[in-house]
């Protein structure tokens, strides 16, 4: 069975441990890069990363984009959403379907 990990600043991710996710606080991009590589190469099927950190790690996540696991998902930080996760989802939907069927306004 795969594990679920969460990477980001401590204040944003500490609550995830209450629901059984393993948290990995990272205050620097370099530390987050090492954590991502370690978790993605291990037993983690889902890795949540706070949006501010994910924006800085986007190129590091590319090698895993076409793999079944790990699924790397941006989540808002405690400071609120940046819109990065929504825009990323929009790109994936447009790529898969050919148009923006979810957010089309």
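Going by the conditions given, is residue 5 at pLDDT below 95 and within 18 Å of residue 67 (Cβ to Cβ)? So residue 5 does not fit the description; no. Of all residues in region 23-45, which are more than 18 Å from residue 77 (Cβ to Cβ) and out of contact with any helix residue (DSSP H, G or I) (no Cβ under 6 Å at 6 or more places or on another chain)? 30, 34, 37, 38, 39, 41, 42, 43, 44, 45, listed by residue number.
The values are calculated or read from the model by the stated rules, or taken from the named source; none is laboratory data. Being a predicted model, the structure only gives us computed values, none of them experimental. So basically every Cβ, Gly included, is an ideal-geometry build from the backbone, and we count neighbours across all protein chains shown.
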